[in-house]
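J.: Following this message is one structure expressed as structure tokens.
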Amino acid sequence: MQASKLTVSLHGYDNLTEWERHFHYVERYAKNLFKENRFAHATLDLANFQGSTPKQKTVYSFSMRLPENLP
């Protein structure tokens, strides 16, 4: 099977764990809540192969502009 294109993807996630106090009759305990937030997603096509992929080692240089508001 041959590839049709070469793509680079950037996925940025941050994770947050919050601890909440819970009371059940006389027992007290903490329960954690896990939250995941995707703050960035970028995809860049490096090459489109029109029918055949290169048979030799090939270098694909690229640059990707990242959003300014990344944490």
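The values are calculated or read from the model by the stated rules, or taken from the named source; none is laboratory data. The shown structure was predicted, so the numbers you read here are calculated from the model rather than taken from an experiment. Neighbour counts are summed over all protein chains in view; Cβ atoms, including those assigned to glycine, are modelled from backbone coordinates with ideal geometry.
J.: Within region 30-53, restricting attention to residues that are over 30 Å from residue 68 (Cβ atoms) and surrounded by 10 or more Cβ atoms within 10 Å (Cβ to Cβ), which residue is nearest to the chain's Cα centre (by Cα)?
T.: By that ranking, first place goes to 49.
J.: Report whether or not residue 7 is assigned to a loop (DSSP other than H, G, I, E, B) and without any contact (Cβ under 8 Å) to a residue 40 or more places away in the chain.
T.: Details: assigned to a loop (DSSP other than H, G, I, E, B): no; without any contact (Cβ under 8 Å) to a residue 40 or more places away in the chain: yes.
No: the conditions fail for residue 7.
J.: Pull out all pairs, ordered by first then second residue, where Cβ-Cβ is under 6 Å, the residues are six or more apart or on different chains, the first lies in region 59-70 and is over 17 Å from residue 11 (Cβ atoms), and the second is small (Gly, Ala, Ser).
T.: Between residues of region 59-70 that are over 17 Å from residue 11 (Cβ atoms) and residues that are small (Gly, Ala, Ser), the close pairs are 60/47.
J.: Working carefully through the options 13, 29, find the one that is free of Cβ contacts under 8 Å to residues at least 12 places away in the same chain and part of a strand (DSSP E or B). Outline the logic, then answer.
T.: Working: 13 fails: free of Cβ contacts under 8 Å to residues at least 12 places away in the same chain.
Within the list 13, 29, the selection yields 29.
J.: Restricting the search to region 6-58, which residues are aromatic (Phe, Trp, Tyr) and in contact with a Leu (Cβ under 6 Å, 6 or more places away or on another chain)? Break it down stepwise before answering.
T.: Our first condition is that a residue be aromatic (Phe, Trp, Tyr); within region 6-58, this holds for 13, 19, 23, 25, 29, 34, 39, 49.
If the condition is that a residue be aromatic (Phe, Trp, Tyr) and in contact with a Leu (Cβ under 6 Å, 6 or more places away or on another chain), then no residue fits.
J.: Continuing with the same structure: For region 38-54, give me each residue that is modelled with pLDDT under 85 and not small (Gly, Ala, Ser).
T.: First, pick out the residues of region 38-54 that are modelled with pLDDT under 85: 38-42, 50-54.
38, 39, 41, 50, 53, 54, listed by residue number.
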